[in-house]
Each structure stands twice: as C-alpha cells, then as structure tokens.
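**Student:** Here's a structure for you.
What follows draws every value from the coordinates through simple rules; no lab data is involved. Every value quoted in this text rests on a predicted model; they were computed, and no experiment measured them. Here the Cβ positions follow ideal geometry from the backbone for every residue, glycine too, while neighbour counts run over all protein chains shown.
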Amino acid sequence: MTIASRFEQSSFIALALSVSLAISGCTPKEEPATEAAPADAAAVPAEIAQAEAPAAAPAAVKEPEIVKLELAKLKPEARLGARLFYDNRLGNPGANLATSCRTCHIPAEATGNKRRWTDKLALSVMPANDRGSKLETLRNTPTLLDATTEKSFPSDGEYESLPAYLTHKLTSEHMGWRAGETDQAKKEIQALLMNDDGTDVLAEGAYAEQFKTVKNIDVVTLSPDDALNAVIASIIDYLNTVTTNKSAGYDAVMQQNRLPEGLAGEGDTPMDYFGRLFLSRIANEEGRVQMRFVADYDEEAYQGFKAFFRMGTTWSSSTNGEETNIGNCIACHVPPRFTDGKFHNVGTTQFEYDAVHGEGAFMNYKPAAPSDKTRSRVDAKDPEKADLGRWNIDPKDENIGAFKTPKLRNPAGTDPYMHNGRYATVEEAIRAHLKAAELAKAGKLRNADPELLKISGLSEKDIANMVKFFEQLNEVPPDQYRDFRISNMRIRQDPLGEATFSN
Ligand code: HEC
Ligand code: HEC
C-alpha cells in the first residue's frame, strides 16, 4: 500500500491548478494575494471575470459560456442556485482568497465531466486571512453528487440536515470566516442580495429581480437570517440537480441482465440482496451462458463486480483463507449509491498516525475529550493530533476513526480518496481496506469495524478485477446512455477458465 507523500500531494495541487487554469484561462496564482480583495473586484465570480478581461488568454473566453449553456438546461430556480454556487462574493469579501462553493467543489459542467464537484487536491485550499497566506481544509473535499440524499453531513455526520450544514458552511472557514464572525457573514450575504447589479455572466438580472421572479421573495424585506436561508434554499435547488444518473457500464449490465441494482427498500439488507443476486439470478444466467456485457465491460470487470458484491457470512481464525474472492464491500457500500450512510472505521486515521509516530502508536493513543487536536491532521510534533472522525461528535470508543461511508459512483472524477485524500488511486484505497482487514484479524486495528473481518481470500487478480469494475462505475452523460447501453452489446462467452472463481 502506498501512502501519498507530501511530494505526491503537491502534484495533486498542480493538477488542481491546471483544472482551474482550464476554466479561468489565466495564470494561477501560487499564493493568494495577501491584502483584502477590493469590494468591486469581487462583483463577478473570479474565474468568470478573469475570462472576460481582455488580458485573459482568448481561447478560454468560451469556458464560462459553456457553463452557462449547460446551466441553461436547468429550471430557473436551479439556475439561480447555480449562480450563487459559482459566486465568490458569497465568501468573506475581506478574505485573502475569493471563495465560492465552486472553489473546492468543481462542477462537472465546468470540466467536461473530468471533476465531479470536487477538486483534485488531497486537502483543499481555503482563505487564511490573518493565519498565514493559505490554509488547508481539515478533510478531503467530497463529491456533491447525490449529496441531497445523505442522512447526515459532512463525513463525521455533525449535522443532521443539509440546511443545517449549509447554515454552518456559509459562515465557516471554508468560506473565509472565523469563529465569532457569523453575524457579519449573514449581513454580507444580505447586502449581496440587496446590492447586486446582475452583471456577472451567470446573472439573469440582479439577485433582487431573480429572487422576485423565481421565488417570489422581496430581498429588501429579508433579515440577515432570512437572506442566509433564502441563499441556502436556492443552493439546494441546484444541488437537487447534482445527481448520479445510473448511466454507467454497471447500470447497463444490470439492466441488460434484469438484475436488481440495489436494495428493494426499507427492511431489505445487503445480505438479502446478495442472496437474491448470487444464489438465483447470476447462477442461472451464468449456467445458461447468457450474461450480456456492453461496451468495455469485460470478463475482468464482471469478476471484479462479483468479488465486490460477494459477502462473507462468518469469520474465525480457523477458517481464515478458506472462503475466497470475498470483498464484502456491499456490507457498507450498499448499492445502488454504494453507501449505507453510516460510520465505520476502516483504519485510515490509524495508517496516517502510525506512518508518523511508528507502528502500533495509534493503539496506545488516549484521546481526552473532543477538541481541535482530535480534529486535526497528524503532526510529528504533537502526538495528540489526529482526526478521530465520528468520535468528535459522539465520543464513544466505537466511533474512534469512524467516517461516513463515501458513495462510489464516478470514481474517475472524485480522486484522491478517503477523508484525508491520501490515496491517489482506487487500487490504493482497496489495498488500504485489505491491510485494515488483515490487521483487524490479527487484533492490531484499533476499533476495527466487524465487517472488515469478513473480507476474505482476495487475490491480486481480484484486486485488479475490482479496479476494472470501478471503471464501470463512471457514468456517461444521460443523453448518450441509450446508445451506450446497446453499444457492442454481446453475450458473455465461457469464463476465462479461472477455476478459482465461484458464485
Ligand atoms: C475551501 C473548500 C470548500 C468550499 C469553499 C466549500 N466546501 Fe463543501 N466541503 C469541503 C470539505 C473539505 C468538505 C468535507 C468536510 C468534512 O468532511 O469535514 C465539504 C463537505 C460538503 C458537503 C457535505 C457532503 C456530504 O456528503 O456529507 C456539502 C453538501 C458541501 N460541502 C457543500 C458546499 C457548498 C454548498 C458550498 C458553498 C456554499 C461549499 N461546500 C463550499 C470543502 C469546501
Ligand atoms: C466496514 C465498512 C466498509 C467495508 C466493508 C468497505 N468499505 Fe470502503 N470505505 C468505508 C469507509 C468508512 C470509507 C471512508 C474511510 C475514510 O475516509 O477514512 C471507505 C472508502 C472507500 C473508498 C474511497 C472512496 C472515496 O471517495 O474516498 C473506496 C474506493 C472503497 N472504500 C472501496 C471499498 C472496497 C473495494 C471494499 C471491499 C473490498 C470496501 N470499500 C469495503 C467503509 C467500508
């Protein structure tokens, strides 16, 4: 297993900058300007303003236009939300880095689907104000695909609703605010809605006009709290359109073979689903050699799919290794969205901690009470610093190092992976789980999730196959899906003759 070094992290930064370069068409600044941005310079989202300026590279002028064209497909309320999402005046106007939601959550429409509402950084850059020139976020920026379906936010589940999380978010350090500045943040948002003149590229009139037409809201009557709530409701209108489309190779193959794509509803368990999928349907279809594959979904991807979905029943040290090709992944990554919305420890924090403080160090770490130190990246100089995840919200031992199970669709646009962004590839993330499973079985993983014990007998071939399967979770645009679903549709031939694979 490789852990991304600082060097690798800096290449993530270079990549992220090249993504924003493609959008803005201007030279990225290594260091954000230290002085506060002048108020009028923030009148238009930076990337849009810069692309409009005559000094910007001419080739990039069309980029905001592409975004605008894509957003034109949305309903007016979602377009208003998108405009707010892209508007860096929503961030602290006095901060040393103009920030919008898009700064970290880079939308698919802005990148030709290369990024999926996240950047390419392990940890994102946020305004530092008086705390140096720039700061990194505590955690990796997650995708916003299907975010409105989550039961809690963010990865430690501190907030139980999206409006509650965004109320915090819009007045938080992600948007350039410090603790104690909440009232000021709300007043700035109120002033933005009232004073905007509607000249940025995504504007369809001043905010006052747009809120009136789209939401029948008179912004002049809004208190700072109301203004914040109106902005949040609009952003959620946009986020409601930020969804996966079930248009991946995975979906095509499930549909072509009439296989159920996920749990049947409340009360259905991953194990029930696994039983239905494997013991009846797949066994039958394979027996009659009638599985249908599409596009580049091949035998490897199919075997990877089975290893990913195959669940383990029991585990004991005496039977260890007897059960083979069992990923047990759907125990937590429950299809069709590949999450159970719950919190599990798969060892990420321990690996980060032990890499700095030595093997076994995390086992002996005794956290006192939740504090800034227990919500921190690991620090060689201070062994109290670690990110204990869910434990910060609910300090019980079983929550140490637990994070919300991430969704897995469109992995090509959401790397790097895990809450700390330390795994550059899906393969590294898979290998980290396998290492966690191995340590758990040896009693060497602190607070190991019991489901890790059931991961069993995964070979190198299984890992390679699973990586191939993950490629089948990348979606094609919905308008291309029909063609994609029937492209190169073919009947599965006899298996590769790999006797190790069973149903
Ligand atoms: C400076 C970077 C940054 C900016 C700006 C930013 N975010 Fe985030 N966002 C993050 C990070 C990092 C997380 C993960 C936080 C965690 O897990 O503790 C996150 C988490 C989220 C989540 C939770 C997703 C989940 O599945 O739990 C949502 C929703 C979200 N952001 C929406 C927004 C919106 C809307 C805006 C603009 C108002 C925004 N973000 C601005 C970095 C950013
Ligand atoms: C015990 C529950 C559980 C099981 C079983 C499990 N995972 Fe995970 N997985 C998680 C959690 C929780 C995370 C996030 C951990 C973190 O950020 O610290 C995660 C993260 C990931 C990620 C990174 C996603 C991202 O966007 O950051 C991948 C890829 C992944 N898992 C694949 C797998 C595969 C493949 C398997 C089966 C071999 C598997 N998982 C089994 C809970 C689980």
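**Student:** Using amide H atoms built 1.01 Å from N in the peptide plane, name the residues 5+ places from Ala402, or on other chains, whose amide H lies under 5 Å from its own.
**Tutor:** Those lying under 5 Å, H to H, from Ala402 are Arg390, Trp391.
**Student:** Something else about it: Summing +1 for each Lys or Arg and -1 for each Asp or Glu, what net charge is found among the other residues whose Cβ lies under 14 Å from the Cβ of Lys151?
**Tutor:** -2
**Student:** In Å and on Cα atoms, what radius of gyration and Dmax does segment 154-227 show?
**Tutor:** 14.0, 39
**Student:** Return the subset of Lys342/Lys454; Lys151/Lys407; Lys68/Lys246 for which the Cα-Cα distance in this structure is over 20 Å, preserving the input order.
**Tutor:** Violating the 20 Å Cα-Cα cut-off are Lys68/Lys246.
**Student:** I would also like to ask the following. Lys186: which aspartates and glutamates have alpha carbons under 12 Å from its alpha carbon, excluding same-chain residues fewer than 8 sequence positions away?
**Tutor:** Correct list for Lys186: Asp225, Asp226.
**Student:** Something else: Along the Cα→Cβ direction, 7 angstrom out, place labels at Lys73 and Asp225. What is the inter-label distance in nm?
**Tutor:** About 4.0 nm, to one decimal.
**Student:** Going by average Cβ density within 10 Å per residue, which order do the peptides 130-136, 409-415 take, highest to lowest?
**Tutor:** The packing order, highest mean first, is 409-415, 130-136.
**Student:** Using a 10 Å cut-off around each Cβ, can you sort Phe305, Phe278 from fewest to most neighbouring Cβ atoms?
**Tutor:** Arranged by neighbour count, lowest to highest, Phe305, Phe278 become Phe278, Phe305.
**Student:** Let a ≥ b ≥ c be the square roots of the eigenvalues of the Cα gyration tensor of segment 247-389; is it rounded (a/c under 1.5), or, if not, prolate (a/b larger than b/c) or oblate?
**Tutor:** The shape class here is prolate.
**Student:** Counting Lys +1, Arg +1, Asp -1, Glu -1, what net charge surrounds Gly275 among other residues with beta carbon under 13 Å of its beta carbon?
**Tutor:** In short, +1.
**Student:** Would you please classify the overall shape of segment 396-444 from the alpha carbon gyration tensor, given that a ≥ b ≥ c denote the square roots of the eigenvalues, rounded means a/c under 1.5, and beyond that prolate means a/b larger than b/c while oblate covers the rest?
**Tutor:** oblate
**Student:** If you don't mind, there's one more thing I want to ask. Using the per-residue mean of other Cβ atoms lying within 10 Å as a proxy for protection, in what order, highest first, do the peptides 466-473, 83-90, 247-254 fall?
**Tutor:** Ranking the peptides 466-473, 83-90, 247-254 by packing returns 83-90, 247-254, 466-473.
**Student:** Between Lys381 and Glu285, what is the spin-label point distance in nm, taking each point 7 Å from the Cα along the Cα→C-beta axis?
**Tutor:** Reported label-point gap for Lys381 and Glu285 is 5.7 nm.
**Student:** Residue by residue through segment 177-191, what is 3J(HN,Hα) from phi via Karplus (6.51 cos²θ - 1.76 cosθ + 1.60, θ = phi - 60°)? Round to whole Hz and write x for glycine and proline.
**Tutor:** Along segment 177-191, the couplings run 9, 10, 3, x, 9, 4, 5, 4, 4, 5, 5, 5, 5, 4, 5 Hz.
**Student:** Which aspartates and glutamates, on any chain, are close to Lys381 with Cα under 16 Å apart, when same-chain ones fewer than 8 places away are left out?
**Tutor:** Those aspartates and glutamates meeting the cut-off are Glu352, Asp354, Asp372.
**Student:** Right, here's the next one. Using packing as a proxy for protection, rank 475-481, 154-160 so that the peptide with the highest average count of other Cβ atoms within 10 Å comes first.
**Tutor:** 154-160, 475-481
**Student:** Taking the Cα centre of segment 215-281 as the origin, how large is its charge dipole in debye, to the nearest 20, when only Lys and Arg (+1) and Asp and Glu (-1) carry charge on their Cβ atoms?
**Tutor:** Here the size comes out at about 480 debye.
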